[in-house]
Amino acid sequence: MKGLLDEIAGLPDHEVFGRVAAIQGLLVEVVGPVNAMRIGSRINVDDTSGSPVELEVVGFRENRAVCMPFAPLDGVRMGCRAVLAEAEPSIRPTRAWLGRVIDARGNPIDGKGPLPQGPSRHLRSNPPPAHARKRVGEPVDLGVRALNTFLTCCRGQRMGIFAGSGVGKSVLFSMLARNASADVSVIGLIGERGREVQEFIEDDLGPEGLARAVVVVATSDETALMRRQAAWTTMALAEHFRDEGAQVLCLMDSITRFCMAQREIGLAGGEPPTSKGYTPTVFTELPRLLERAGPGVGEGAITGLFTVLVEGDDHNEPVADAVRSILDGHIVMERSIAERGRFPAINISKSVSRTMPGAADPEYLPVVKKARHLMATFSDMEELIRLGAYRKGADPLVDEAIALNPALEAFLGQGKDDTTSIGEGYVRLAEIVGRSAKPGTGEKGEKQ
């Protein structure tokens, strides 16, 4: 009832409208009471089919509002009424949204009926004040051995998954969605292939995973505004559950498509292109989005895992470099590892969790360090080893790295349907590197 009353109270008592004055490409120019509009305002244009097309104000030019559409402009003509709808986009989430699939505007697309409405929440809220935020919490069990042992992630931490196309990023993403430990999962599929959405929901997430999750979908054929807003909606939902005190896992695939959508909007609005065509607002919006994840001021926290589609396998391209500087760690996936058949294709030597080593179990920290050292040694000598230029016995450390490499590779590989807890991962790694481990113990020495 409160949500209904809030919605009624939010209805306008008068109508403000202008007229379509020009259409050029994806831009629509509106004349009229532009002083009543601002950046981000929503405008509904009456087209010839009778169904309004929603626009967003992205700029102003002389005495006109420059807008972009959320849907195709078919049927829009000169002189159409452009009605100011709302000053700032918002959604009204509740706990009943769990188990549902919605679009970027918060509308259900799963055929399960309308969504109950709660208090209004703006899509573009500010992150909690830095001085008031809690610190990251205890380690989160992600269910993936390579991440749990070598790249331990804590509650409230933000990690990026960096990979080129076809390296297995989406498969790792699906493993995290199904196996990671959290009260609530909020999953944003930004610019996703339409064919894969249903497969992800039914096969990868499954009924149990979906029951504690909300999935936000904006496929690649949707407009740039819809793809950008899907990221905002995902984060706003995560903030809602965090403010209720829940431990939230926010998964977003992918940040790169969010940046591409923002680039498309910026270029259409007349912004100058910079590195690789990305406009300045791309690098302004990135931290505004990503900083919203993390610990809150209360008991809740948002643990964020964001995928980054690395263009041309260049891990120093503009978006990857900017995201890496903002997040609390990066998981690097390499094509060469995938080509030799090891999945997930994570390069441990190039990946970092900024909460290590404090997040790792102190009892097993020497094990993790030794395993990293052995893998780095093998990587340095790999070319000589494969060419047969290395002679056994020349270096005891290299000999040990060669002997243990098959077992370490098998440890890092993991099937899509396999899951391993943090404690199990430590014990298995200790057995490989020859360190003693207490049987039946796991994280912090507690019984599993």
Output the number of the condition that residue 201 fails; it satisfies all remaining conditions of (1) open to solvent by 10 Å² or more (accessible area, probe 1.4 Å); (2) among the β-branched types (Val, Ile, Thr); (3) without any contact (Cβ under 8 Å) to a residue 60 or more places away in the chain.
(3)
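Every residue, every condition in (1) part of a loop (DSSP other than H, G, I, E, B); (2) touching a residue at least 60 places away in the same chain (Cβ under 8 Å); (3) surrounded by 15 or more Cβ atoms within 10 Å (Cβ to Cβ), yes or no:
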{"residue": "51", "(1), (2), (3)": "yes, no, no"}
{"residue": "56", "(1), (2), (3)": "no, yes, yes"}
{"residue": "78", "(1), (2), (3)": "yes, no, no"}
{"residue": "85", "(1), (2), (3)": "no, no, yes"}
{"residue": "96", "(1), (2), (3)": "no, no, no"}
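Residue-by-condition table, conditions (1) assigned by the TED database to the domain that holds residue 115; (2) small (Gly, Ala, Ser):
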{"site": "35", "(1), (2)": "no, no"}
{"site": "40", "(1), (2)": "no, yes"}
{"site": "45", "(1), (2)": "no, no"}
{"site": "55", "(1), (2)": "no, no"}
{"site": "61", "(1), (2)": "no, no"}
{"site": "65", "(1), (2)": "no, yes"}
{"site": "70", "(1), (2)": "no, no"}
{"site": "96", "(1), (2)": "yes, yes"}
Any residue at all in the range 26-41 that's of a type in the set (D, E, K, R) and at pLDDT 85 or above?
yes
Scan the range 246-255 and tell me whether some residue there is modelled with pLDDT of 95 or more, closer than 13 Å to residue 319 by Cβ and touching a helix residue (DSSP H, G or I) at 6+ places or on another chain (Cβ under 9 Å).
yes
For residue 377, work out the one condition from (1) of a type in the set (Ser, Thr, Tyr); (2) open to solvent by 50 Å² or more (accessible area, probe 1.4 Å); (3) over 25 Å from residue 161 (Cβ atoms) it doesn't fulfil.
(2)
I'd like the full set of residues that are part of a helix (DSSP H, G or I), open to solvent by 20 Å² or more (accessible area, probe 1.4 Å) and closer than 30 Å to residue 178 by Cα, limited to the range 243-284.
243, 257, 260
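Is it true that residue 74 is assigned to a loop (DSSP other than H, G, I, E, B), surrounded by fewer than 16 Cβ atoms within 10 Å (Cβ to Cβ) and modelled with pLDDT under 90?
Working: assigned to a loop (DSSP other than H, G, I, E, B): yes; surrounded by fewer than 16 Cβ atoms within 10 Å (Cβ to Cβ): yes; modelled with pLDDT under 90: yes.
Spelling it out, residue 74 is indeed assigned to a loop (DSSP other than H, G, I, E, B), surrounded by fewer than 16 Cβ atoms within 10 Å (Cβ to Cβ) and modelled with pLDDT under 90.
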Can you confirm whether residue 191 is in a helix (DSSP H, G or I), at positive phi and open to solvent by less than 30 Å² (accessible area, probe 1.4 Å)?
no
Cβ-Cβ under 6 Å, sequence separation 6+ or interchain: first residue in the range 234-248 and under 11 Å from residue 188 (Cβ atoms), partner of a type outside the set (A, V, I, L, M) and open to solvent by 20 Å² or more (accessible area, probe 1.4 Å). Which pairs?
236/121
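Can you confirm whether the range 285-297 contains a residue that is in a strand (DSSP E or B), in the same structural domain as residue 186 (by the TED database), crowded, with 16+ Cβ neighbours inside 10 Å and over 15 Å from the mean Cα position of the chain (by Cα)?
Yes, that holds for at least one residue.
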Kindly provide the set of residues from the range 161-172 that are farther than 20 Å from residue 410 by Cα and either in contact with a Gly (Cβ under 7 Å, 6 or more places away or on another chain) or surrounded by fewer than 24 Cβ atoms within 10 Å (Cβ to Cβ) (or both), ordered by number.
164, 165, 166, 170
Residue check for residue 225: closer than 18 Å to residue 106 by Cβ and modelled with pLDDT of 90 or more:
yes
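Yes/no per residue for (1) among the basic types (Lys, Arg); (2) surrounded by 18 or more Cβ atoms within 10 Å (Cβ to Cβ):
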{"residue": "319", "(1), (2)": "no, yes"}
{"residue": "331", "(1), (2)": "no, yes"}
{"residue": "336", "(1), (2)": "no, no"}
{"residue": "350", "(1), (2)": "yes, no"}
{"residue": "357", "(1), (2)": "no, no"}
{"residue": "385", "(1), (2)": "no, no"}
{"residue": "388", "(1), (2)": "no, no"}
{"residue": "391", "(1), (2)": "yes, no"}
Cβ pairs under 6 Å, 6+ apart, first in the range 314-327 and within 16 Å of residue 276 (Cβ to Cβ), second open to solvent by less than 20 Å² (accessible area, probe 1.4 Å) and assigned to a loop (DSSP other than H, G, I, E, B)
318/278; 320/310
Residue selected from the range 111-127 under the condition open to solvent by 20 Å² or more (accessible area, probe 1.4 Å) and within 21 Å of the chain's Cα centre (by Cα), by the criterion farthest from residue 17 (Cα to Cα):
127
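The values are calculated or read from the model by the stated rules, or taken from the named source; none is laboratory data. Since the model is a prediction, treat every value here as computed from it, not as a measurement. Every residue, glycine as well, gets a Cβ built from its backbone with ideal geometry; the counts of neighbours run over all protein chains shown. Remember, those area values only see protein heavy atoms, side chains included, never the ligands or the DNA or RNA. Shrake-Rupley method; radii C 1.70, N 1.55, O 1.52, S 1.80 Å.
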